[in-house]
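First up is the structure itself, then whatever we jot down about it.
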Amino acid sequence: MTDTTFDVRIWDVRVKTGRARKDGKPAKKSYIVRWVVAGTVFPETYANATLAESFRSKLIVAQRNGEAFRVVDGLPVSMARVQNDQSWFSFAQAYVDMKWRRAAAKSRSGNADALATATLALLATRRGKPADAVLRRAMTGWAFNTVRRDTDKPPAIEAALAWLESNTVTVSRLGDLTTLRGVLGQLALKMDGTAAAAKTVYRKRAVVFNALEYAVERDLLPANRLPEVKWTAPKRVRAIDTRVVVNTKQGPQLLAAMAAQKVMRVPPGRPSRWSWSGVRPGRGWSRASPRCTTRRCAPRKR
């Protein structure tokens, strides 16, 4: 972040009179506001006294409110932030570019997907808006892809990107909790409006959180307020993954095949019990062995 200081002195408005005009008209005057930040003098010139006094008043109010001033340009942090504010769409592209070189291919795709979803909740207007599917394709395929952004695009994509350039809110709006709640609500939905998987929502939220941290780093936001939103995230469903867990039919078949190949001995009548309990075959055999004693087979205390 930019260095700031509270060492500020604000001087009176200085009136500067130009050279006398040959036509006899009064010389033109200019009004200069000067203030000192960390030993450096910063001037700002205005054409009339009203504008000069208005700007000086803003500086005085910021100083009285205990606001820090930036060393690089002498402006209060709030005023500098307003001047540097940019649209969300432009900022999101800058964030993608910042992450691009060091991100893996899957991370690049995930970033584009999350930012495209968030952007649909950060539109300034709905007038003339292309279809959501077109906007999403334009963002994930071109806008949020550093390599493809300047390549040739279909006319529909060109129009969608041009519309996005002018119709997203500014980054400063993301300091509002209501706006952030709308973003989180959008992340929890799929394109068809149904609820997204909990894992997907958590992944997209992490991308948006990191983007807001980048906005704070660039002095576009005073703080990342996303954790302040009282929002209930979808619960993670821990269902059995049938791709890696055998069912009641596959279990006995697997054990029978192992016995047929003499990989291990399977006591008769026990395969179904083993498949239901999920016990490892080696441990199941040791428990079933008549040589097993209570001391040898008892589970260890943890």
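A few points about this structure:
- Note on ALA131/GLU217: beta-carbon distance plugged into 1/(1 + (r/R0)^6) with R0 of 30 Å gives a FRET efficiency of 0.30.
- Backbone geometry of region 196-203 corresponds, through the Karplus equation with coefficients 6.51, -1.76 and 1.60 at θ = phi - 60°, to 3J(HN,Hα) couplings of 7, 5, 4, 4, 5, 5, 4, 5 Hz, x marking Gly and Pro.
- Taking 0.36 nm per residue of sequence separation and removing the Cα-Cα distance, the ARG64/SER109 pair yields an extension gain of 11.5 nm.
- The aspartates and glutamates whose alpha-carbon is closer than 19 Å to the alpha-carbon of LYS16, local same-chain residues fewer than 8 away aside, are GLU44, GLU53.
- Sites ASP73 and ARG181, calculated FRET efficiency, Cβ-Cβ separation with R0 25 Å, nearest 0.05: 0.15
- For region 159-193, applying the loop criterion from DSSP together with a ceiling of 11 other beta carbons within 10 Å to the trypsin sites (Lys or Arg not before Pro) yields LYS190.
- In this rough spin-label picture, where each label sits 7 Å from Cα along the Cβ direction, the ARG101-ASP7 distance is 3.4 nm.
- Amide H contacts of LEU189: ALA196, each under 5 Å away and 5 or more positions distant or on a separate chain (H built 1.01 Å from N in the peptide plane; Pro and chain starts excluded).
- When you filter the chymotrypsin sites (Phe, Trp or Tyr not before Pro) in region 1-88 for DSSP loop state and at most 14 other Cβ atoms inside 10 Å of their Cβ, you are left with PHE6, TRP11.
- Region 8-80: relative contact order in percent, alpha carbon pairs under 8 Å with at least 6 residues between: 26
- Where labels lie 7 Å past Cα in the beta-carbon direction, separation of MET258 and LYS235 in nm: 3.4
- Taking 7 Å steps out from each Cα toward its Cβ at GLU228 and VAL147 produces label points 4.0 nm apart.
- Across region 126-232, Cα pairs under 8 Å and at least six residues apart give a relative contact order of 24 percent.
- Portion, in percent, of the accessible area of region 131-255 that falls on carbon or sulfur, probe 1.4 Å: 54
- Net charge of the neighbourhood of ASN224, taken over other residues with C-beta under 15 Å away and scored Lys/Arg +1, Asp/Glu -1, is +1.
- Annotation: amide H of LEU221 within the under-5 Å range of VAL216, sequence separation 5 or more or interchain, hydrogens built in the peptide plane.
- P(r) tail, region 1-153: Cα-Cα pairs separated by more than 23 Å, 59% of all pairs.
- Length gained on full extension, ALA156 to THR248: 27.9 nm, using 0.36 nm per residue less the C-alpha separation.
- Trypsin sites (Lys or Arg not before Pro) restricted to DSSP loop in region 10-67 with at most 10 other C-beta within 10 Å: ARG19, ARG21, LYS22
- Nonlocal Lys pairs with alpha-carbon distance under 23 Å, region 51-202 (8 or more apart, or different chains): 7
- Taking all C-alpha pairs of region 121-248, those more than 17 Å from each other amount to 68 percent.
The values are calculated or read from the model by the stated rules, or taken from the named source; none is laboratory data. Quantities reported herein were computed from a predicted structural model and do not represent experimental measurements. Quick reminder, even Gly has a Cβ in these numbers, built from the backbone with ideal geometry, and neighbours come from all protein chains shown. Keep in mind that these areas ignore ligands, DNA and RNA; they rest on the heavy atoms of the full protein, side chains included. Shrake-Rupley method; radii C 1.70, N 1.55, O 1.52, S 1.80 Å.
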